[in-house]
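Down below is the structure, laid out as structure tokens.
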Amino acid sequence: MSLFFLSIYLLEWCWSCQFLFLLVRVHPSWFRYRENALRNEPMNTREQTYTAIRKMLATLDDPFTRFLEPEKFKSLRSGAQGALTGVGLSIGYPTQFDGSPAGLVVISAAPGGPANRAGILSGDVILAIDDTSTEMMGIYDAAERLQGPEGSSVELTIRSGPEIKHVALMREKVSLNPVKSRLCQVPGSGRDSRRIGYIKLTSFNQNASGAVKEAIDTLRSNSVNAFVLDLRDNSGGLFPEGIEIAKIWLDKGVIVYICDSRGVRDIYDTDGSNAIAASEPLAVLVNKGTASASEILAGALKDNKRAVLFGEPTYGKGKIQSVFELSDGSGLAVTVARYETPAHTDIDKVGVIPDHPLPTTFPKDEEGFCSCLQDPASTCYMNRVQLFAR
């Protein structure tokens, strides 16, 4: 195929995928720009074609819809499959500090990753990456700058509360094993004793639902009689995995409504045929780093009265993206819909509101969690009855 016809093919392919987005947004300038691009945009080289595609997508004014060159698209897919080379940070929307643009907010730091070990926290603000200000930087440009060859370094300027600090991080292959679990034996006598199965879910990659099932089976073999699902600092991932994990915990009910500008477009629900843990008491832990697919899961468990939620309001990302591969290995990440929880709550920029707060000293690791239930003298102590009470 000649380069010219490849250019036209890529542009037309981009348009056909993006049409899905138009069903949601009904963007009036899109058709005009598509015709203008075909007539007027230079497309004699691959780079010129990429530029034309980016210009088309920019007309939609949606930060989550973007074009990815082949290497960047490959990196995106590797993250969904469970491995990524970088510093282990999930980046959120641009934030505001004292009323002026400040940079990019950290949604979460992957447990055990370079950023996590350096003490970077959810809510910290990245002011610069390698001396390049993030004030006008898009979140995906920032994410690409954070990734790189294993062993290479990147320097971040971080605002953490009132403090500004410079942090040098070495990129490494960040393991995205999505689940950690632990049996917590809470002291008591007879029926008052509890064996609580703690499951920390850190991402929704393609291994997530299988890993959750495996953790439940392992904990069940140790005779647990209640579960805690920790979604704190889980910035989301694959939408289908969020649906499958919800089915594990629900015997029946709506999981999420998919909506467009005309209202409800699709309903994801469950009849209980995939439920393996629908009866034991369940508590879910959330925070401002809980985003996207993890908010779908938290909202489904809360609205179906399957679980009690503890923590703080979640991040508030109520949009759904689909990923499309183009003919040359490049790709598109396209916002195709928004979602509402089973109670028809639109959580975009608002978040899922928990039922109860957590003590500010409540730890985020499995060992610390158990100690907070076992030691009444601990500053983070929670009575096991409190944990499952509505």
| In segment 218-266, what residues are polar (S, T, N, Q) and closer than 20 Å to Ser279 by Cα? | Thr218, Ser221, Asn222, Ser223, Asn225
| task | Just name the residue that is surrounded by the fewest Cβ atoms within 10 Å (Cβ to Cβ) out of those in segment 136-161 that are at pLDDT 90 or above and not hydrophobic (A, V, I, L, M, F, W, C). | result | Gly151
| Conditions (1) of a type in the set (A, V, I, L, M); (2) more than 30 Å from Ile196 (Cα to Cα); (3) surrounded by fewer than 23 Cβ atoms within 10 Å (Cβ to Cβ): number failed by Ala343 | (2)
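Scan segment 334-367 for residues that are under 18 Å from Gly242 (Cα atoms) and hydrophobic (A, V, I, L, M, F, W, C) and jot them down. Outline the logic, then answer.
We begin by selecting, within segment 334-367, every residue under 18 Å from Gly242 (Cα atoms); these are 335-348, 351-352.
Selection gives Val336, Ala337, Ala343, Ile347, Val352.
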| task | Look at segment 126-169 and say how many of its residues are charged (D, E, K, R), free of Cβ contacts under 8 Å to residues at least 40 places away in the same chain and not in a loop (DSSP other than H, G, I, E, B). | result | 5
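Suppose we keep only residues that are of a type in the set (A, V, I, L, M), part of a strand (DSSP E or B) and out of contact with any Gly (no Cβ under 7 Å at 6 or more places or on another chain) within segment 264-310. Which one would you say is surrounded by the most Cβ atoms within 10 Å (Cβ to Cβ)? Break it down stepwise before answering.
Our first condition is that a residue be of a type in the set (A, V, I, L, M); within segment 264-310, this holds for 264, 267, 275-278, 282-286, 291, 293, 296-298, 300-301, 307-309.
Applying the additional criterion that residues be part of a strand (DSSP E or B) yields 264, 267, 282-286, 308-309.
From what's left, out of contact with any Gly (no Cβ under 7 Å at 6 or more places or on another chain): 264, 267, 282-284, 308-309.
Details: Val264: 12, Ile267: 11, Leu282: 20, Ala283: 24, Val284: 27, Val308: 20, Leu309: 22.
Among those that are of a type in the set (A, V, I, L, M), part of a strand (DSSP E or B) and out of contact with any Gly (no Cβ under 7 Å at 6 or more places or on another chain), it is Val284.
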| query | Give me the pairs: first residue in segment 218-229 and under 12 Å from Ile199 (Cα atoms), second residue among the aromatic types (Phe, Trp, Tyr) and not in a strand (DSSP E or B), beta-carbon distance under 8 Å, and six or more apart or on different chains, which are they? | reply | Ala226/Phe388; Val228/Phe369; Leu229/Trp249
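Do we find a residue being β-branched (Val, Ile, Thr), in contact with a Lys or Arg (Cβ under 9 Å, 6 or more places away or on another chain), assigned by TED's automatic domain parsing to the domain that holds Ser221 and under 23 Å from Cys370 (Cβ atoms) anywhere in segment 316-331?
Our first condition is that a residue be β-branched (Val, Ile, Thr); within segment 316-331, this holds for 320, 323.
Narrowing the set further to residues that are in contact with a Lys or Arg (Cβ under 9 Å, 6 or more places away or on another chain) leaves 320, 323.
This time we only want the ones that are assigned by TED's automatic domain parsing to the domain that holds Ser221, so: 320, 323.
This time we only want the ones that are under 23 Å from Cys370 (Cβ atoms), so: none.
No: segment 316-331 contains no residue that is β-branched (Val, Ile, Thr), in contact with a Lys or Arg (Cβ under 9 Å, 6 or more places away or on another chain), assigned by TED's automatic domain parsing to the domain that holds Ser221 and under 23 Å from Cys370 (Cβ atoms).
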| note | Over segment 350-385, the set of residues without any contact (Cβ under 8 Å) to a residue 60 or more places away in the chain, part of a loop (DSSP other than H, G, I, E, B) and among the small types (Gly, Ala, Ser) is Ala377, Ser378
| Is segment 92-103 home to any residue that is crowded, with 17+ Cβ neighbours inside 10 Å and modelled with pLDDT of 80 or more? | no
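Which strands (runs of 3 or more DSSP E) does segment 189-263 wholly contain that include 1 or more residues that are under 18 Å from the mean Cα position of the chain (by Cα) and more than 21 Å from Asn177 (Cβ to Cβ)?
Working: elements: 194-201, 226-230, 253-260.
In segment 189-263, 253-260 are the strands (runs of 3 or more DSSP E) which contain 1 or more residues that are under 18 Å from the mean Cα position of the chain (by Cα) and more than 21 Å from Asn177 (Cβ to Cβ).
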| field | Residue within segment 339-353 that is among the β-branched types (Val, Ile, Thr) and farther than 20 Å from Asn234 by Cβ present | value | no
| query | Among the residues of segment 104-117 satisfying the criterion of being modelled with pLDDT under 80 and assigned to a strand (DSSP E or B), which is surrounded by the fewest Cβ atoms within 10 Å (Cβ to Cβ)? | reply | Ile107
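The values are calculated or read from the model by the stated rules, or taken from the named source; none is laboratory data. None of these values were measured; they are calculated from a predicted model. Methodologically, a virtual Cβ is constructed for each residue, glycine included, from the backbone with ideal geometry; neighbour enumeration extends over all protein chains shown.
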